[in-house]
Amino acid sequence: MPEMTYREAVAKALTDELASDPDVIFFGEDVAEAGGVFKVTPGLYERFGPDRVRDTPISEQAIIGTALGAAITGLRPVAELMFADFVPVALDQLANQVAKYRYMSGGQFVVPLTVRAAQGGGNGFGTQHSQCAESWLMNFPGIKVVSPSTPVDMYGLLRGAIRENNPVFVLEHKGLYNMKGEVPDDTAPMKLGESKVMREGTDVTVVASQLMMHRSLEAAEQLAREDISCEVIDVRSFVPLDKATILHSLAKTNHLVVVEEAPHQAGWGGDIASLAADEGVYWLAAPVKRVNMGAALIAYSPPLEDEVLPNVGRIMRAVKSVLTDA
Amino acid sequence: MITSLPIERRQQALRLMIETRLAEEKIQELFLANLIRGTTHLAIGHEAVAVGTAAALITGDKVTCTYRGHHHALALGMSLRAMMGEMMGKEAGACKGKGGSMHMTDASIGLLGANAIVGAQLPIAMGAALTAQVKKTGGIAVTFFGEGASNIGAFHEALNMASVWKLPALFICENNLYGEYSVWSKTTPVQDIAVRGTSYAMPGVIVDGQDAEAVYTVVKAAGDRARAGEGPSLIECKTYRYRGHSRTDTAPYRKQGELDEWLKRDPIDILKARMIADSQLDEVEFAEMRQAAEMAVVDAVEWAKQQPYPPVEALYADVYYEG
Ligand SMILES: Cc1ncc(C[n+]2csc(CCOP(=O)(O)OP(=O)(O)O)c2C)c(N)n1
Ligand SMILES: [Mg+2]
């Protein structure tokens, strides 16, 4: 089975979709001739040419608006926003246009549009280049949101997103670009809306995504040595949310910890907690615990950034606390 | 030089302008009678911009416009019934009642949507132009906006991108002198919006927005240029809105006598006079045209009143495409 990095999985998914459908086009800032600021997309311009792989001006509103206009007139665009922190720069186009275009026209359009952006902290990029965007985007019905955590999911979900006849935001975690994993040759485009149980367990359900999901797996590994069994769920798809997988796990473990790389207020972990309260309250043996950034912002200095992002120790403490809270 | 349209197309342009005028007068009545909710933005006085542009477009061309867009929708061929149905939030409306006055959309005539966010429609039209360019359809994309919108970022991003990509796009500014309640000279440091084309290395043309054939002439030329792969143009139509900005605004902020001056150059009168001078129309025929338009508007309103509202389940339809 071929092994590749998360970064290579993005490139392969884009290549395969550009090759299989002439309506797919790809554009963003410095993505074509330079191959992207994270060197995710080298070679696409050379292979598919300047009509289909384009560098744009530094114009986030125009990038998203143009992608929308192209999507409703017969193309299947993939737009890159470079850093997810630039989502607010294009927020009108995303929140008021992309999300609502089909709806407010009474269903006259399909919007087969994919937006990619690199997100996440841990690399010293500072306050404006380290944020995660799921919670921002989840408040706009009409957009789907996926956050792959492994190379195989990156490949399959990005292809699935491009084939989807709805706007999909694909969030790539910067801290995972170098991560290696197996991507079987026959990996098909994946269906959106499904979470994955990454580690089975019986005592506590830990719901997380991307970097936090990998840290949760590490925490689970260490806790296993103390005879605490965690079931780790990778969210993968924030919209639509796979409630069944989470509830199914909760019914088994009776304990829930949510680990978010995001501020507490209006963070997506609140939705998971409310899901547990609404539909799983009789399974809960203890209050739900959310591990996240609290009310703090990401700072540049190493000890400050280390402190704000949930780490393995904090996740372990949260797991233990829900077990003793009971 | 202003191109004279052939007689049938002049008749069509005149008919559409009269229909639009009467439809919008009726819309205001319905708004005051609470049959139309929220808000309305009338384009009374702007009709020549819409019909002049529509006359220069061909099947497959795409258009985005603003909340002040009833005239565009009708000029492009939206039916009066679909429009009135939408105004009243009825299931048979152009957007099944989900859009309302500010979101008239009809994909079947190339109208990709009227937008309620100032300037947002410009980048969207660039996407339609990109499709035309990549698929080599020979089509163009037209986007309408007000002079006030030329101060928002999306305007500048769209013009810049259109120019570097040489998109087959036309930016058509309806300069009606006011953005809401502010006269444009207070908010805009240039005399003419057309000069803003210079920064983006595209032609900026000024045209009399009250003269449908003058509008047709410049839009046709700019459209031919765009279709030939020579890139976008900015066209500034000097026009005037006779009514207030929206709802019940009576426009107390405008200069005394200003409206009267503009009324002397009414777009319907200008085309009518030209047709009479060319022996293509007489007062009797004009009166008949007006009467037919009145009947069409009344028919649409009465029809729309009879239509059912959408069922509440429709609320959850079309958030996503299913399938
Ligand atoms: C982004 C945004 N800002 C403000 C408004 C409120 N608003 C609606 S119309 C309007 C004036 C726009 O003027 P102009 O572009 O000249 O168009 P006109 O209404 O004259 O046709 C304003 C400020 C809005 N809808 N969107
Ligand atoms: Mg104006």
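Quick look at the values:
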quantity: Scope the range B:148-171; condition within 30 Å of residue B:253 (Cβ to Cβ), of a type in the set (A, V, I, L, M), away from ligand 2 (no atom under 13 Å from the Cβ) and in contact (Cβ under 8 Å) with a residue 60 or more places away in the chain; matching residues; calculated: B:159
quantity: The one condition in (1) open to solvent by 50 Å² or more (accessible area, probe 1.4 Å); (2) within 16 Å of ligand 2 (Cβ to nearest atom); (3) away from chain A (no Cβ under 14 Å) that residue B:198 fails to fulfil; calculated: (2)
quantity: Extreme residue, surrounded by the fewest Cβ atoms within 10 Å (Cβ to Cβ), among residues of the range B:169-195 that are part of a loop (DSSP other than H, G, I, E, B) and within 13 Å of ligand 1 (Cβ to nearest atom); calculated: B:181
quantity: Helices (runs of 4 or more DSSP H) (entirely within the range B:196-282) containing at least 2 residues that are over 16 Å from the mean Cα position of the chain (by Cα), of a type in the set (S, T, N, Q) and modelled with pLDDT of 95 or more; calculated: B:196-199
quantity: Considering residues of the range B:32-63 that are open to solvent by less than 10 Å² (accessible area, probe 1.4 Å) and among the polar types (S, T, N, Q) only, the residue nearest to ligand 1 (Cβ to nearest atom); calculated: B:40
quantity: Cross-chain or 6+ apart pairs with Cβ under 8 Å, the range A:58-74 first and more than 7 Å from every other protein chain (Cβ to nearest Cβ), then among the hydroxyl-bearing types (Ser, Thr, Tyr) and open to solvent by 10 Å² or more (accessible area, probe 1.4 Å); calculated: A:63/A:56
quantity: All strands (runs of 3 or more DSSP E) inside the range A:237-326 with 1 or more residues being open to solvent by 60 Å² or more (accessible area, probe 1.4 Å) and either over 26 Å from residue A:191 (Cβ atoms) or acidic (Asp, Glu) (or both); calculated: A:289-291
quantity: Within the range B:64-75, tally of residues that are surrounded by fewer than 24 Cβ atoms within 10 Å (Cβ to Cβ) and either farther than 24 Å from residue B:247 by Cβ or within 11 Å of chain A (Cβ to nearest Cβ) (or both); calculated: 0
quantity: Matching residues, the range A:161-219, being open to solvent by 30 Å² or more (accessible area, probe 1.4 Å), small (Gly, Ala, Ser) and part of a helix (DSSP H, G or I); calculated: A:175
quantity: The range B:25-73 - residue that is without any contact (Cβ under 8 Å) to a residue 60 or more places away in the chain and of a type in the set (D, E, K, R) and, of those, farthest from ligand 2 (Cβ to nearest atom); calculated: B:29
quantity: Hits in the range B:98-121 - residues which are outside any strand (DSSP E or B) and more than 7 Å from every other protein chain (Cβ to nearest Cβ); calculated: B:100, B:101, B:102, B:104, B:108, B:109, B:110, B:116, B:118, B:119, B:121
quantity: Any chance residue B:145 is assigned to a strand (DSSP E or B) and either within 9 Å of ligand 1 (Cβ to nearest atom) or without any contact (Cβ under 8 Å) to a residue 24 or more places away in the chain (or both); calculated: yes
quantity: Pairs, first more than 10 Å from every other protein chain (Cβ to nearest Cβ) in the range B:304-323, second open to solvent by 80 Å² or more (accessible area, probe 1.4 Å), C-beta under 7 Å, six or more apart; calculated: B:304/B:81; B:307/B:91; B:308/B:91; B:309/B:91
quantity: Residue that is nearest to residue B:171 (Cα to Cα), among those in the range B:105-119 that are within 16 Å of ligand 2 (Cβ to nearest atom) and open to solvent by less than 10 Å² (accessible area, probe 1.4 Å); calculated: B:119
quantity: Selection count, the range A:15-57, where residues are within 14 Å of chain B (Cβ to nearest Cβ) and touching a Ser or Thr at 6+ places or on another chain (Cβ under 7 Å); calculated: 3
quantity: Hey, residue B:284 within 30 Å of residue A:165 (Cα to Cα), more than 14 Å from chain A (Cβ to nearest Cβ) and open to solvent by 70 Å² or more (accessible area, probe 1.4 Å) or not; calculated: no
quantity: Failed item, numbered, when residue B:166 is tested on (1) surrounded by fewer than 20 Cβ atoms within 10 Å (Cβ to Cβ); (2) within 10 Å of chain A (Cβ to nearest Cβ); calculated: (2)
quantity: Subset tally (residues that are open to solvent by less than 30 Å² (accessible area, probe 1.4 Å), away from chain A (no Cβ under 14 Å) and more than 16 Å from ligand 2 (Cβ to nearest atom)) for the range B:219-252; calculated: 6
quantity: Yes/no for residue A:215 being within 30 Å of residue A:128 (Cβ to Cβ) and modelled with pLDDT of 95 or more; calculated: yes
quantity: Candidate set from the range B:123-137 (those that are at the interface with another protein chain (Cβ under 7 Å from one of its Cβ atoms) and over 18 Å from residue B:172 (Cα atoms)); member that is least open to solvent (accessible area, probe 1.4 Å); calculated: B:131
quantity: Residue match in the range A:181-191 (condition: in contact (Cβ under 8 Å) with a residue 40 or more places away in the chain and of a type in the set (Ser, Thr, Tyr)); calculated: no
quantity: Of all residues in the range B:156-168 being out of contact with any Phe, Trp or Tyr (no Cβ under 7 Å at 6 or more places or on another chain) and assigned to a helix (DSSP H, G or I), the one that is farthest from residue B:179 (Cα to Cα); calculated: B:164
quantity: Residue match in the range A:104-125 (condition: in a helix (DSSP H, G or I) and away from ligand 2 (no atom under 16 Å from the Cβ)); calculated: yes
quantity: Any hit, the range B:81-89, residues being over 20 Å from residue B:19 (Cβ atoms), within 14 Å of chain A (Cβ to nearest Cβ), among the acidic types (Asp, Glu) and more than 16 Å from ligand 1 (Cβ to nearest atom); calculated: no
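The values are calculated or read from the model by the stated rules, or taken from the named source; none is laboratory data. This one's a predicted model, so the numbers in the text were calculated from it and none came from an experiment. Note that each Cβ is placed from the backbone with ideal geometry, even for glycine, and that neighbours are counted across all protein chains shown. Surface accessibility is based on the protein's heavy atoms, side chains included, excluding ligands, DNA and RNA. Shrake-Rupley method; radii C 1.70, N 1.55, O 1.52, S 1.80 Å.
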